[in-house]
1. Answer yes if at least one residue in region 30-48 is of a type in the set (S, T, Y), in contact with a strand residue (DSSP E or B) (Cβ under 7 Å, 6 or more places away or on another chain) and buried (at least 16 other Cβ atoms within 10 Å of the Cβ), and no otherwise.
2. Could you look through region 33-54, keep only residues that are touching a residue at least 12 places away in the same chain (Cβ under 8 Å) and in a helix (DSSP H, G or I), and pick out the one that is farthest from the chain's Cα centre (by Cα)?
3. Could you check region 1-32 and list, in sequence order, the residues that are of a type in the set (D, E), over 21 Å from H86 (Cα atoms) and in a helix (DSSP H, G or I)?
4. How many residues does region 55-80 hold that are among the small types (G, A, S) and outside any loop (DSSP other than H, G, I, E, B)?
5. Counting only residues that are of a type in the set (D, E, K, R) and buried (at least 17 other Cβ atoms within 10 Å of the Cβ), which one in region 5-29 is farthest from the chain's Cα centre (by Cα)?
6. Could you list all residues from region 159-199 that are among the basic types (K, R) and either modelled with pLDDT of 95 or more or closer than 23 Å to A93 by Cα (or both)?
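The values are calculated or read from the model by the stated rules, or taken from the named source; none is laboratory data. Owing to the predicted nature of the structure, the values given are computational and were not obtained by experimental measurement. Note that we place each Cβ from the backbone using ideal geometry, even for glycine, and neighbour counts take in every protein chain shown.
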Amino acid sequence: MAHSIEAALACPLVTSVYVSSEDPEVREVASQHGAEILERSAELAGDDVPNVAVVREALGALAANGLSFEHVVLLQPTSPLRSARHLQACLTAYLGSSAASTVSVCPAEHHPATMLTIREGLAAPYGGADTLDSRRRDLLPVFRQNGAIYGLSVEAFLRELRFIVAPCLPYIMGPEESVDVDEPIDLSLAELLLRSARD
């Protein structure tokens, strides 16, 4: 969380940084690193609550206090390798375009055309059988959301209640910057990469 706050505070295009949480420890850490705190309601405190609901509540709380913004940027704390440099480049490109939103992506580690699913206990092509043995270089490049940056107008967000609104401008990041911390092994990799960046 601290990495995300520090990246946002160091980006000239980000004017305000808020952390929404019901957890006293999270609020304390966020405050220590310079974020303003928004009290999250108890019904939005679970691990399975979508970010859309959290951001909608946060924008509503800010509006109730007379604060309005033209754009909203979501920085998930599970993407600690995103920096102020990434934010500045992504938002500069987005604000200079006619896109309705922007999202950070990285090359997909595995192409979906070669993936399998399991149906009734048997392996089956996720897509079509004709692409299962394709060489990666023969397939259209694909990218995955890396969870680092989502940006769009507040109006578009509240209208669509989603973060990716077409037309969406991609901001491509490298795999070494796109670690998404969901499992303990992801945290170990992120810590290793952060240490390497400091050395």
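1. Checked region 30-48: no residue is of a type in the set (S, T, Y), in contact with a strand residue (DSSP E or B) (Cβ under 7 Å, 6 or more places away or on another chain) and buried (at least 16 other Cβ atoms within 10 Å of the Cβ).
2. Looking at the filtered set, the residue picked out is A42.
3. Within region 1-32, E25, E28 meet the criteria.
4. Number satisfying all stated conditions: 5.
5. The residue in question is R27.
6. Of everything in region 159-199, those that are among the basic types (K, R) and either modelled with pLDDT of 95 or more or closer than 23 Å to A93 by Cα (or both) turn out to be R159, R162.
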